[in-house]
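Dropping a structure here in C-alpha cells format, bear with me for questions.
The values are calculated or read from the model by the stated rules, or taken from the named source; none is laboratory data. In this text the structure is predicted, and so the values were computed from the model without any measurement. Quick reminder, even Gly has a Cβ in these numbers, built from the backbone with ideal geometry, and neighbours come from all protein chains shown. These accessible areas exclude ligands, DNA and RNA; they are computed on the full protein's heavy atoms, side chains included. Shrake-Rupley method; radii C 1.70, N 1.55, O 1.52, S 1.80 Å.
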2 protein chains.
Amino acid sequence: MPGLLILAKQAQEYRRLIEAAGLPPLEVTAVTEPDELAGDAPGCEIVFGEARLIREMLPRLPRLRWVQTTSAGVEPLLEPGLRRDYLLTNAFDVFGDSMCEYVFAYLLAHERRLFDRLRSQQTRHWDHSPGGRLRGRTLGLLGVGSIGAELARSAKHFGMQVRGYTRSSESSRAVDAYYHGDRVLEFARGLDYLVCVVPNTAATRRIVDAALLQALPPGAVLINLGRGAALDETALLQALQSGRLALAVLDVFEHEPLPPEHPFWQTPNLLMTFHTSALHEPHDMIRPFLENYARFTRGETLLHQVDFERGY
Amino acid sequence: MPGLLILAKQAQEYRRLIEAAGLPPLEVTAVTEPDELAGDAPGCEIVFGEARLIREMLPRLPRLRWVQTTSAGVEPLLEPGLRRDYLLTNAFDVFGDSMCEYVFAYLLAHERRLFDRLRSQQTRHWDHSPGGRLRGRTLGLLGVGSIGAELARSAKHFGMQVRGYTRSSESSRAVDAYYHGDRVLEFARGLDYLVCVVPNTAATRRIVDAALLQALPPGAVLINLGRGAALDETALLQALQSGRLALAVLDVFEHEPLPPEHPFWQTPNLLMTFHTSALHEPHDMIRPFLENYARFTRGETLLHQVDFERGY
C-alpha cells in the first residue's frame, strides 16, 4: 500500500476529503509541521502539501517519488542544492476562478468609479457624471497559463480585446494577439489594463520595470497577482507619482507581510490586498491531487509537472 | 420624403450619427427643446428622443406615426389623457452591457470586500482573511427583459445559479428557474443577491416590500436599478438597520435627485449611485432607432413596441 504524507496547515481537512474521495487504499499520515514526525518517513512515496514545509522534510523521505503542492508557486523546492530526484507537480485549475473574480472586481470598480461614488455619497453630492465601461478596452496578460486563460475568457465575455505576452506558448484561444521575446514593449503600448500573472522565475524578475510602465498609455491600470518580484517597486512608485498610471492594484509583494514603513501603504492610486486574490478552499485544493493520483496509480504522465530548470 | 424630428439634449450628435448611417432620404429636424420650434411640425411623422420632451411636443405633431424613445422607461408618454394614436417603441439592447458591468462591479466588490480592504490598507493592517466568491451563489432577477437576460448570461459566466421572476415570460435560457404570479416570496427564499430591473408599472409598484425583504435569507444583498417606485424605502431602511440585509445598492430613487435630508445618504451598508448604472453614449442610443427605421421603411413590425395599457 503506497504511503501518502499530507504536510499542511489544513492537513486534517485534506485527510478527511481525500479519504472521502474513495481512492484505492492509501496509508495516510497527516501533519501540520515536519516536527510532528520523529525521524524519517520511510513509508511515504507521495507528499501533498505546502512547498515550504515539504522543503524541510525533503531529507527525511528516502522513498519519495512524487510531490504535489497546494500552491502554484514552488520556489522553496527549486533552491540550489535541494534534491530533484522526484516528480514535482504544482496546483492547477484551483485559483483561476477566484483570481478571475478578483481581477474583474477591480477592473469594474475602476470603470464604474466605486470609490468615487462612495465619496460623493458621503458628501451628499448627487454625482450624475457617467462612468466608463470595459467593453472595447484592451487587457494585456503578462503570462497566459491556466489563470491567464481564465482571465482571457472573462475579458472576452465583457467585450474586451485581449493581448497575451508569453515565452512561447499560445494555448488560450481567447487571446486575440500574442507577443513573445523582445516584443514586451510593443505588447504594452495600447493597453488599458495590464495584469501580471507570471510565475516567479529568473526570466520574469522585474519584468514590470520602468521601460514597460513607460510604454503603457497614460491612464493605464496595473494589477499584479503573480509574484512581488515581477515588479520594480521603485519604478511603480514613480509611475504613480507622475500620474502616468491611473491605478495599481497589488496583491503580492517582494516582502510579505509588507513592512509597516513601506511607502505602498499610503501611495495615492495604489490599492493593496494581502495575498488574498486566490482563495484556498480545501475542496478546491485537493482536486489536482486527486486527478494526478489517478494518473499516478495508472502509471500515466502527471499534469502540471514542474521543470526544475525552467522553474514552473 | 418622411420627416424625422430629433428632440433630445444630444440632438445634434444624434443627427450627425443618423446622417452618417446612410439611411434612405429623411428630412431631419434636430432640437434640444420643443420651444426651438415655432408652431406645429406638420412634416414630422417620426420622432426620436427623450420621452419627457416628446410629451410636450405631442399636441403639435399632426402627422405623427411613430415615436422611438432614447430611454427604456416611457412613463411621461403613458399619462392618462395623452394621445395614443401612434406607434411607441422604447430603447432596447442599449443599456444591457453597461448595467451588467455595474451589477457585477458591486457583486464582485461585495464578495472580494473591496471597501474593507481599503480600510485595512488605510490602517496598515495586513488583512489576510479570505474573501468570498460568486461561483455557486444564487442571483434572483426581478424582471427578465433584455437587461435581465444580459445579467443572467453574466451570472452563468461566473458560475452562479439564476432565478427569474416575471409576469409570464420565460425568454432567457440563462435563467435556471422561473417564478410567476404569487410565487414572489418563494422566489426570494434562498437568494444571495436580488437584482431589481422591473419597469415602472402599477404591478411593480412597491414590489420590493417588507414581506419580500423578510423572505430573503439573512446576509442577502439587494440591488435596485429599475425604478425607485419598485422599492418600499421604509421597509428597506428597517431591513438594513436590523442587519437582515448585508448590503443595498441603489441607483434609482422615488424622487431624484435624492433630497439632501433623505436618510439613505448616511445609512450604513447602503451604497448609492446616481441614476448612473446605464451609460448613454450616442452611438449606442441610435442603434434601436436605426434598426426600427429599417423595419418602418419596409412596413414591418417594429421591435420593442410599448403596449400603452400594460405600460412597457
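Name the residues in segment A:208-240 that are open to solvent by 20 Å² or more (accessible area, probe 1.4 Å) and modelled with pLDDT under 95, would you?
The one that is open to solvent by 20 Å² or more (accessible area, probe 1.4 Å) and modelled with pLDDT under 95: A:227.
Can you name every residue in segment B:241-266 that is open to solvent by less than 20 Å² (accessible area, probe 1.4 Å) and acidic (Asp, Glu)?
Within segment B:241-266, B:251 is the sole residue that qualifies.
Can you report the number of residues in segment B:86-114 which are assigned to a loop (DSSP other than H, G, I, E, B), more than 23 Å from residue A:160 (Cβ to Cβ) and either modelled with pLDDT of 95 or more or touching a strand residue (DSSP E or B) at 6+ places or on another chain (Cβ under 9 Å) (or both)?
4
While we're on this one: For residue B:115, work out the one condition from (1) aromatic (Phe, Trp, Tyr); (2) within 30 Å of residue A:265 (Cα to Cα); (3) buried (at least 21 other Cβ atoms within 10 Å of the Cβ) it doesn't fulfil.
Every condition holds for residue B:115 apart from (3).
Please verify whether segment B:163-174 includes one or more residues that are of a type in the set (Val, Ile, Thr), touching a Leu at 6+ places or on another chain (Cβ under 8 Å) and either more than 30 Å from residue A:265 (Cα to Cα) or at the interface with chain A (Cβ under 9 Å from one of its Cβ atoms) (or both).
No, that holds for no residue.
Looking at segment A:151-185 only, could you name the residues that are under 18 Å from residue A:106 (Cβ atoms) and assigned to a loop (DSSP other than H, G, I, E, B)?
A:158, A:159, A:160
What are the residues in segment B:212-235 that are over 20 Å from the mean Cα position of the chain (by Cα) and not hydroxyl-bearing (Ser, Thr, Tyr), if any?
Those that are over 20 Å from the mean Cα position of the chain (by Cα) and not hydroxyl-bearing (Ser, Thr, Tyr): B:212, B:213, B:214, B:215, B:216, B:217, B:218, B:219, B:220, B:235.
Among the candidates B:246, B:239, B:278, B:215, which residue alone is within 11 Å of chain A (Cβ to nearest Cβ) and in contact with a helix residue (DSSP H, G or I) (Cβ under 8 Å, 6 or more places away or on another chain)?
B:278
Of all residues in segment B:115-129, which are within 8 Å of chain A (Cβ to nearest Cβ) and part of a loop (DSSP other than H, G, I, E, B)?
B:124, B:126, B:127, B:128, B:129
Now, a different point. What residue, among those in segment A:93-105 that are open to solvent by 10 Å² or more (accessible area, probe 1.4 Å) and more than 7 Å from every other protein chain (Cβ to nearest Cβ), is nearest to residue A:277 (Cα to Cα)?
Only one residue tops the list, namely A:99.
What residue, among those in segment B:267-312 that are without any contact (Cβ under 8 Å) to a residue 12 or more places away in the chain and assigned to a loop (DSSP other than H, G, I, E, B), is surrounded by the most Cβ atoms within 10 Å (Cβ to Cβ)?
Only one residue fits best here, namely B:281.
Examine segment A:45-56 for a residue that is assigned to a strand (DSSP E or B), at pLDDT 95 or above, among the charged types (D, E, K, R) and over 25 Å from residue A:226 (Cα atoms), and state whether such a residue exists. Let's see the steps before the verdict.
Filtering segment A:45-56 for residues assigned to a strand (DSSP E or B) gives A:45-49.
Pick out the ones that are also at pLDDT 95 or above and you get A:45-49.
Adding the requirement that they be among the charged types (D, E, K, R) leaves A:45.
Now drop any that are not over 25 Å from residue A:226 (Cα atoms), which leaves A:45.
Within segment A:45-56, one or more residues are assigned to a strand (DSSP E or B), at pLDDT 95 or above, among the charged types (D, E, K, R) and over 25 Å from residue A:226 (Cα atoms).
Restricting the search to segment A:269-285, which residues are at pLDDT below 95 and over 16 Å from the mean Cα position of the chain (by Cα)?
A:282, A:283
For segment B:52-84, what are the residues that are free of Cβ contacts under 8 Å to residues at least 60 places away in the same chain, hydrophobic (A, V, I, L, M, F, W, C) and open to solvent by 30 Å² or more (accessible area, probe 1.4 Å)?
Listed by number, the list holds a single entry, B:82.
Out of segment B:132-167, which residues are among the charged types (D, E, K, R) and over 19 Å from residue A:284 (Cβ atoms)?
Of segment B:132-167, the ones among the charged types (D, E, K, R) are B:133, B:135, B:137, B:150, B:153, B:156, B:163, B:167.
Within segment B:132-167, B:150, B:153, B:156, B:163, B:167 meet the criteria.
Within segment B:256-312, which residues are among the small types (Gly, Ala, Ser) and touching a Ser or Thr at 6+ places or on another chain (Cβ under 8 Å)?
Result: B:277, B:278, B:311.
Exactly one condition in (1) in contact with a Phe, Trp or Tyr (Cβ under 9 Å, 6 or more places away or on another chain); (2) buried (at least 20 other Cβ atoms within 10 Å of the Cβ) is false for residue B:23; which is it?
Every condition holds for residue B:23 apart from (2).
So which residues in segment A:3-42 are over 17 Å from residue A:64 (Cα atoms), acidic (Asp, Glu) and in a loop (DSSP other than H, G, I, E, B)?
A:33
So, of the residues in segment B:2-20 that are free of Cβ contacts under 8 Å to residues at least 40 places away in the same chain and either of a type in the set (Asp, Glu) or under 16 Å from residue B:294 (Cβ atoms) (or both), which turns out to be surrounded by the fewest Cβ atoms within 10 Å (Cβ to Cβ)? Reasoning before the result, please.
Pass one, segment B:2-20, residues free of Cβ contacts under 8 Å to residues at least 40 places away in the same chain: B:11-12, B:15-16, B:19-20.
Pick out the ones that are also either of a type in the set (Asp, Glu) or under 16 Å from residue B:294 (Cβ atoms) (or both) and you get B:19-20.
Values: B:19: 12, B:20: 10.
Selected residue: B:20.
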